[in-house]
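Data block below; observations after.
The values are calculated or read from the model by the stated rules, or taken from the named source; none is laboratory data. All figures in this text were calculated on a predicted structure; none of them were measured in a lab. With ideal geometry, Cβ positions are generated from the backbone for all residues, glycine too; neighbour counts draw on all protein chains shown.
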Amino acid sequence: MAIAWLVALTAIGYLVVTAVSGLMLVLDVYRPGGLMFDLDVDHVSGLMLDLNVYRAGGQAILHGSNLYAIRAADKLPFTYPPVSAVLAVPLALVPFPVARIAWTAMVYLPLLFAVRVGFRPILDRAGGSNSVIFPVILAIAAYLLPIRQVIGFGQVDMLLLGICLLDCVATSPKWPRGLLIGLATAIKLEPGVFIIYLLLTRRRREAGVAALSFAGWTALAWLINPRDSVAYWTGAIFDTSRLGGNASAGNQALRGMVLRLHADVTPDLIWLPVALLVAVGGFAAARACWKHGHDLAGIAITGLLAALLSPVAWIHHLCWVLIAIGVIAGDGRSVRRNWLAALTGVLFLSSLPIWAEVRLPTSMLRSVPGFLLENSFGLWALGLIPVLLWIGARRAEPLPTDAEPAAVAKPA
């Protein structure tokens, strides 16, 4: 019954996406050079190139090849920790079409979960209309550019979001809380910000579990493939050039903005102090939300920090904006919050940063308007932190000093 319900919801979601796509075609917003939803500049091919990279990593483990010398489809290198390659072995053992089907499920299941958790207040308020509103939100969520890229590239970010979110919000987990965050961190490092979040919110045991989980998975990969583990932790991890064009508009991290603004200077001289300030302010905001009983707002802030503070964060790393939109919308009663949630959604449905890089002349990109357009996703994500703080800190009953919050706080 549950599987039939899941299939039905997904089918309805696809129908809504198709209808929206048809409407946009009628309105000519897909025209070459168009600002919104420009297919010419989205660079979302649907070929799942990153899934090919994961499979190539799994094949390298099976055949004893040099993991950090291989090149997958489109000559893409393997850039992840060795744990990712070890866990990708099952994908390497099946034909690519089978891997694509399995990976699609591993993207959509966390997406379903994220929509249910992020938009819980408005879905609960909908009551009997839930069966209509949920598929509509799901379809729109799937069309947000970060998530559209996850789906089209076959990226792992939605899966990581799902397991981190599950680890944070499960009310009575059957596993030690923090275990999944540690696994996610071992796969792609960025989720390590949630270990910091657990520490700052006085969940030290859970943070310890996450750290031990990360260490355990990393040690396992080291035992299986010591040569490539040494190569990664002593060299590849520091080589950001392996990740692609760091200064391209696809990199919406703080460091990417600095590179585009000051390409002629050593970026670390500017990026590191800025990142430190954002980290201090962002984690303080996340802790304040948790302290006032709005853990989900703190989780959303932490997820955005994962992308902003990373040396390289492609647009698909910003899939945490989905949770932020849900928190901002709340139960849908506030007109002001609804407008802000809608505006955020419209921005991330667009291809604005890539459109600016591809369509605008260099002289325009060097201007203030050009900078704002090319860095719009990262700057907006940065601006969402005080917005989420404003929402999260408006809780009427702060937690007592010695209290532990519920795993899923009721949003304001």
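Some points to look at:
- Within region 353-382, the set of residues being within 19 Å of residue 255 (Cβ to Cβ), among the charged types (D, E, K, R) and surrounded by fewer than 22 Cβ atoms within 10 Å (Cβ to Cβ) comprises 357, 366.
- Candidates 215, 219, 207 - the one that is crowded, with 17+ Cβ neighbours inside 10 Å and part of a helix (DSSP H, G or I): 207
- Filtered by the rule that a residue be at pLDDT below 85 and loosely packed, with under 15 Cβ neighbours inside 10 Å, region 383-408 gives 394, 396, 397, 398, 400, 401, 402, 403, 404, 406.
- Unmet requirement for residue 193, which otherwise passes all of (1) in a helix (DSSP H, G or I); (2) hydrophobic (A, V, I, L, M, F, W, C); (3) free of Cβ contacts under 8 Å to residues at least 12 places away in the same chain: (3)
- Against the list (1) within 28 Å of residue 56 (Cβ to Cβ); (2) assigned to a helix (DSSP H, G or I); (3) over 21 Å from the mean Cα position of the chain (by Cα), the condition residue 94 fails is (2).
- Of all residues in region 102-127, those satisfying the criterion of being more than 14 Å from residue 156 (Cα to Cα), modelled with pLDDT of 95 or more and among the aliphatic types (A, V, I, L, M) are 112, 114, 115, 117.
- No other residue among 72, 99, 141, 105 is surrounded by fewer than 22 Cβ atoms within 10 Å (Cβ to Cβ) and in contact (Cβ under 8 Å) with a residue 12 or more places away in the chain apart from 72.
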